[in-house]
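Shown next, in structure tokens, is the structure this report addresses.
The values are calculated or read from the model by the stated rules, or taken from the named source; none is laboratory data. Just so it is clear, the structure is predicted and the values come from calculations on it, not from any experiment. Backbone-built Cβ (ideal geometry, glycine too); neighbour counts: all protein chains shown.
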Amino acid sequence: MHASHSSSKIMRRLTTLFPSEFLEEHAEELGVVEREGKLQILVLVWALVFGFAAGESRTLAGFRRSYNSTADETFSPGGFYHRLTPTLAEYLRDLVERDLDEVAVSNAVDVDIDDSGT
């Protein structure tokens, strides 16, 4: 039960840090996805975070399988790897940098709050 509570808390925190609207808009701004493209950026981000990064098989094939297991349209290996571009890498780097700042600020605030009670 504790693990389930922890998982839901982590999921809430991540979806707060990565709002769907922001993920989609930023992907469009950088040109990661085209408006009518087959790549589903939300599925890709969550497959990376929950299916690939947290899974046992941390290979590109495992990442593709994780993506394909939840996407509306699946990719062949070549089609998937073709979408792993420098622009996608820039997009993912932006997400990490943006949210590391968010986490650092909220952790600093949490520490200040915890210390003020002593």
Legend entry - Cβ pairs under 6 Å, 6+ apart, first in segment 5-21 and over 13 Å from ASP99 (Cβ atoms) and modelled with pLDDT of 80 or more, second of a type in the set (Ser, Thr, Tyr) and loosely packed, with under 11 Cβ neighbours inside 10 Å: none
Legend entry - Residues of segment 83-93 satisfying the condition of being in a helix (DSSP H, G or I) and either free of Cβ contacts under 8 Å to residues at least 12 places away in the same chain or within 14 Å of LEU48 (Cβ to Cβ) (or both): PRO86, LEU88, ALA89, TYR91, LEU92, ARG93
Inset, instruction - Take segment 70-82 and flag every residue that is farther than 21 Å from LEU30 by Cα and either touching a residue at least 60 places away in the same chain (Cβ under 8 Å) or assigned to a helix (DSSP H, G or I) (or both). - result: THR70, PRO77, GLY78
Legend entry - Residues satisfying the stated conditions in segment 7-43, i.e. touching a Leu at 6+ places or on another chain (Cβ under 7 Å) and of a type in the set (A, V, I, L, M): LEU23, VAL32, VAL33, ILE41, LEU42
Inset, instruction - State whether the residues of segment 64-72 include one that is at pLDDT below 95, of a type in the set (Val, Ile, Thr) and buried (at least 16 other Cβ atoms within 10 Å of the Cβ). - result: no
